[in-house]
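K.L.:
I have a structure I would like to understand better, so I am pasting it below and will then ask my questions one at a time.
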Amino acid sequence: KKGPLMNRFLFVCLDRFWTDLKTYNMTFRRLLSDRIGALINVLVVVFGMLFIAHIVGCGWYALGKRSGHYSWIDAKNYGRKPTKFMYIVSLYWAVVTLSTTGFGDITPQNEKETAFSTLVVFIGTCIFAYLIGQTGAFVSSINRSTAQMNERLNEAYVMLCYVYIICIFY
């Protein structure tokens with residue numbers, strides 16, 4: 001037979017369990033929103049990189065086309081290639097240079113192209129450093145959120161064990 005004190009204790013335990021469950025739900029939602037927010041940040045960075053590569057590629061093409069000197073277009077014999085092909089090659093050069101990979105198949109042929117290439121490598125290095133920092137911050141935030149969720153789950157599990165033991169013995 002359960003007395004009023006035991007009923008009160010069970011009520012407090014169940015109330016605490018309910019509070020922990022709500023906290024777990026909020027932590028889970030925060031974790032989910034952190035991951036969605038991180039996914040959005042990744043997409044923003046990817047599309048930002050594509051936009052920067054587009055701008056740099058167009059600049060590289062314009063520099064080669066209008067330099068008035070022997071240029072990378074002349075060196076590769078691309079003078080009569082269609083604009084679509086030239087855009088793809090220029091975009092390829094921009095991505096390879098921004099990523100600081102630099103395969104060396106398309107190289108600057110005059111001072112202006114060399115200066116432009118140097119600037120693009122510097123920009124690519126800065127972007128790479130930013131991406132590494134963002135990746136570290138993302139992993140850190142996910143680990144922190146996961147640890148908070150696990151802590152809340154453990155607390156809820158312990159509370160459930162207490163309630164279960166009390167219900168068995170009383």
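The values are calculated or read from the model by the stated rules, or taken from the named source; none is laboratory data. Nothing here was measured: the structure is a model prediction, and the numbers come from that model. Cβ placement follows ideal geometry from the backbone for every residue including glycine, while neighbour counts extend to all protein chains displayed. Each accessible area value is taken on the protein alone, full model and side chains, heavy atoms only, with ligands, DNA and RNA left out. Shrake-Rupley method; radii C 1.70, N 1.55, O 1.52, S 1.80 Å.
K.L.:
What is the extension gain from Val139 to Phe122, computed as 0.36 nm multiplied by their sequence separation minus the C-alpha to C-alpha distance, in nm to one decimal?
P.N.:
Here the answer is 3.5 nm.
K.L.:
Which value in nm describes the separation of the simple spin-label points at Phe103 and Phe85, placed 7 Å from the Cα toward the beta carbon?
P.N.:
1.6 nm
K.L.:
Please work out how much accessible surface Tyr70 shows to a 1.4 Å probe, ignoring ligands, DNA and RNA, in Å² rounded to 10.
P.N.:
Number for this one is 130 Å².
K.L.:
Can you send over the solvent-accessible area of Ile52, 1.4 Å probe, protein chains only, in Å² to the nearest 10?
P.N.:
Probe radius 1.4 Å; accessible area of Ile52 about 60 Å².
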